[in-house]
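Novice: I'd like to ask some things about the structure below.
The values are calculated or read from the model by the stated rules, or taken from the named source; none is laboratory data. In this text the structure is predicted, and so the values were computed from the model without any measurement. Virtual Cβ from ideal backbone geometry, glycine too; neighbours counted across all protein chains shown.
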Amino acid sequence: MTYREEEVHSLQPKGRPKKLCFVTVGATASFNPMIREILHEDFMAALQTHNYTHLVIQYGQHGGRLFDEFVKDNETKLLNKYGLTLTGFDFNIDGLKGEMCAAKEDSKTNTAEGLVISHAGSGTILEALRFGLPLMVVPNPDLMGNHQAELAKELASANYVVHGQLGNLASGLREAEDFRARLHSWPPKHADAEPKGLAWVMEDELGFLD
């Protein structure tokens, strides 16, 4: 699929550190309820409170209309009211490395560490964890016969991620900011895995179990 980007505003006050929140729904299943909540004023206000300057959304194959309608109705409000630059795309065949890298701290470019908000797909989770970024995992309740909720719960109990839930993502963002300090402490505090805990859930999600 073609990489598609819709930029609402690109100007930010000079000297203000860039801080990016990257949201991804994955490449296969739509997750419009999460996109709709991310684009709600409560979440925008939470981003502003925590000094975010950029919001990038990978909205998937069925989220384009929702994203475009929001852009059309809110083009001038985002920067003026919330200080946010918004961009979005459906799918990037080259992967999400660029967006993940953009959320990492970089003193050379005056970039503060941001946040990744992801569906609970194991591949995306592992990629974000490899980058060492704060990660909020939001299970998709519309998917049947998978372990997304179980995977998110196990990872959160082991202090690897924040378990985000639809209907409460603004609060989840505040929790993610507190989680940032714990993420960068060493050694990290990880809960002891149960016999069918984190390892079992990850292996089952990745298809390693019979």
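Novice: For the range 113-150, which positions are in contact (Cβ under 8 Å) with a residue 60 or more places away in the chain, closer than 19 Å to T53 by Cβ and either in a loop (DSSP other than H, G, I, E, B) or touching an Asp or Glu at 6+ places or on another chain (Cβ under 6 Å) (or both)?
Specialist: Result: E113, single match.
Novice: Let me ask something else about it. So is S157 of a type in the set (S, T, N, Q) and either buried (at least 17 other Cβ atoms within 10 Å of the Cβ) or modelled with pLDDT of 90 or more (or both) or not? If you could, list the steps in order and put the result at the bottom.
Specialist: On the way: of a type in the set (S, T, N, Q): yes; either buried (at least 17 other Cβ atoms within 10 Å of the Cβ) or modelled with pLDDT of 90 or more (or both): yes.
Yes; evaluated as a whole, the condition is true for this residue.
Novice: Answer yes if at least one residue in the range 90-107 is within 16 Å of the chain's Cα centre (by Cα), within 22 Å of S30 (Cβ to Cβ) and surrounded by fewer than 16 Cβ atoms within 10 Å (Cβ to Cβ), and no otherwise.
Specialist: For the range 90-107, residues within 16 Å of the chain's Cα centre (by Cα), within 22 Å of S30 (Cβ to Cβ) and surrounded by fewer than 16 Cβ atoms within 10 Å (Cβ to Cβ): present.
Novice: Taking G121, is it modelled with pLDDT under 90, within 13 Å of V25 (Cβ to Cβ) and under 16 Å from the mean Cα position of the chain (by Cα)?
Specialist: Yes.
Novice: Another question, if that's okay. Please specify each residue of the range 69-104 satisfying the condition of being touching a residue at least 60 places away in the same chain (Cβ under 8 Å), over 19 Å from L39 (Cβ atoms) and in a helix (DSSP H, G or I).
Specialist: Residues satisfying the conditions are M100, A102.
Novice: Can you confirm whether G64 is surrounded by 22 or more Cβ atoms within 10 Å (Cβ to Cβ) and either of a type outside the set (S, T, N, Q) or free of Cβ contacts under 8 Å to residues at least 12 places away in the same chain (or both)? Lay out the reasoning, then the answer.
Specialist: Working: surrounded by 22 or more Cβ atoms within 10 Å (Cβ to Cβ): no; either of a type outside the set (S, T, N, Q) or free of Cβ contacts under 8 Å to residues at least 12 places away in the same chain (or both): yes.
In short, no.
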